[in-house]
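The values are calculated or read from the model by the stated rules, or taken from the named source; none is laboratory data. This structure is a prediction, so every number in the text was calculated from the model and none was measured. Here Cβ is always computed from backbone atoms with ideal geometry, including for glycine, and neighbour counts include all displayed protein chains. Surface areas here come from the heavy atoms of the whole protein model, side chains and all, with no ligands, DNA or RNA. Shrake-Rupley method; radii C 1.70, N 1.55, O 1.52, S 1.80 Å.
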Amino acid sequence: MAIISSHNSPPERSRPPSLLSNQPTLEEQQSLAEESLRPRSLQDYIGQQELKDVLHIAIEAAKARQEPLDHLLLYGPPGLGKTTIALILAAEMGVNCKVTSAPALERPRDIVGLLVNLQAGDILFIDEIHRLSRMTEELLYPAMEDFYLDLTVGKQQTARTRRLKLNRFTLVGATTRAGALTSPLRDRFGLVQRLRFYHPEELQQIVQRGAALLQTPITPEAALEIGRRSRGTPRIALRLLKRVRDYADVKHGGTISLEVATAALELFNVDPAGLDWSDRRLLSLMIESYQGGPVGIETLAAATGEDVQTIEEVYEPYLLQMGYLQRTPRGRVATPRAWQHLGYTPPENQLPLLSSPHDPSS
Ligand SMILES: Nc1ncnc2c1ncn2[C@@H]1O[C@H](COP(=O)(O)OP(=O)(O)OP(=O)(O)O)[C@@H](O)[C@H]1O
Ligand SMILES: [Mg+2]
């Protein structure tokens, strides 16, 4: 499988190498390291069993009919493996995968250029697909449904529409916000699949696999501890593994034991529940300045200096899943569990507030 990155791929991928030497830049090294740990087949992809079952059937059926896969929309928080799935699909189908992201498709000609160059069966992966411009999105509708483009050529009076036939392709879209997609776009995906947070045991396996590829000895207990503290997210698990490996190399001659992992993770400020500094800051702000809430999301954003979208898409999903945070019509509430986790005593009167008749989550 050839992975062709489009000219329009995100800037970090296309940045030129450092001018001073031929050494890759730090960012390039990091993205290379992420590439080297990426599973290449569905079999190597750990967890997300339901998703894998669905994809396995779709792949077998498409192969048997010698047709391209149905368009696939993947949604879920960052770092759970959406890009990885797109690349695996291409490998399993034996086709090319062209990787791009919505902000790089601002002008209609960007998407046209990509679409006309796809070969039969190829996969076009569009990251952050909820951010497509309206013109680009409208070009995609007939392309996805009937594999043609209607292009306007010429200006004003002489303008004509020309219909351009495309090869049959598969669009894989990824988004952290399925709700932000327009319904005509969402309806054109034959498969819509959600990625969920990983269990600590699944992350343990991902860490062990990563450690083996990095040729770093690690005990199963240490791998589980890293998994437990990774916010349910493979990207974080692999990042922590690398930091713990550095620590082990410097302090303990290489092997990662439970003691070494725990000491390193404490040093890096990752707590036993996997909350990092930003998570804890968000919760303690709610508790200290707003008696646990409810606090409006805009107020939280202003007070933490983060934007609303980052809070909603990056921080909240895990805090909600872990039961540290609740969404209510009047704002966000830190649960008694969050108070306890951060070492505060929850107020007596907080519980009735959570089960008020307006609470959608009760
Ligand atoms: N199921 C898995 N098994 C093993 N490794 C995984 C798995 N899922 C993801 N990874 C690893 O985690 C890292 C992040 O995955 P990926 O880039 O696919 O996430 P993503 O969902 O596309 O994130 P983003 O939303 O930020 O684009 C990759 O290095 C990948 O190798
Ligand atoms: Mg991605």
Q. Within the set of pairs 6+ apart or on separate chains, which have a first residue in the stretch 34-47 that is more than 7 Å from ligand 1 (Cβ to nearest atom), a second that is open to solvent by 50 Å² or more (accessible area, probe 1.4 Å) and part of a loop (DSSP other than H, G, I, E, B), and C-beta atoms under 9 Å apart?
A. Arg40/Met1
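If we scan the stretch 298-317, do we find a residue that is more than 25 Å from the chain's Cα centre (by Cα) and assigned to a helix (DSSP H, G or I)? Spell out how you get there, then give the answer.
To start, the set of residues in the stretch 298-317 that are more than 25 Å from the chain's Cα centre (by Cα) comprises 299, 303.
Still in the list and also assigned to a helix (DSSP H, G or I): 299, 303.
Among the residues of the stretch 298-317, at least one is more than 25 Å from the chain's Cα centre (by Cα) and assigned to a helix (DSSP H, G or I), which makes the answer yes.
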Q: Tell me which residues, restricted to the stretch 79-127, are away from ligand 1 (no atom under 16 Å from the Cβ) and either closer than 29 Å to Ala237 by Cα or part of a loop (DSSP other than H, G, I, E, B) (or both).
A: Met93, Gly94, Val95, Asn96, Glu106, Arg107, Asn117, Leu118, Gln119, Ala120, Gly121, Asp122
Q. Among the residues of the stretch 242-251, is there at least one that is more than 23 Å from Gly79 (Cβ to Cβ), over 25 Å from the mean Cα position of the chain (by Cα), away from ligand 1 (no atom under 16 Å from the Cβ) and modelled with pLDDT of 95 or more?
A. no
Q. Going by the structure shown, is Ile218 more than 16 Å from ligand 2 (Cβ to nearest atom), closer than 30 Å to Asp246 by Cβ and touching a strand residue (DSSP E or B) at 6+ places or on another chain (Cβ under 6 Å)?
A. yes
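Do any strands (runs of 3 or more DSSP E) lying entirely in the stretch 160-230 carry at least 2 residues that are open to solvent by less than 70 Å² (accessible area, probe 1.4 Å) and farther than 21 Å from Asp150 by Cβ, and which ones are they?
So the answer is 170-175, 191-194.
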Q. Within the set of pairs 6+ apart or on separate chains, which have a first residue in the stretch 227-245 that is in contact (Cβ under 8 Å) with a residue 12 or more places away in the chain, a second that is open to solvent by 60 Å² or more (accessible area, probe 1.4 Å) and more than 12 Å from ligand 1 (Cβ to nearest atom), and C-beta atoms under 6 Å apart?
A. Arg243/Phe268
Q | Check on Leu55, under 24 Å from Leu114 (Cβ atoms) and in a helix (DSSP H, G or I) | A | yes
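Checking the condition within 16 Å of ligand 2 (Cβ to nearest atom) and not aliphatic (A, V, I, L, M), which residue from Glu128, Glu67 passes? Break it down stepwise before answering.
Working: Glu67 fails: within 16 Å of ligand 2 (Cβ to nearest atom).
Every option except Glu128 fails the conditions.
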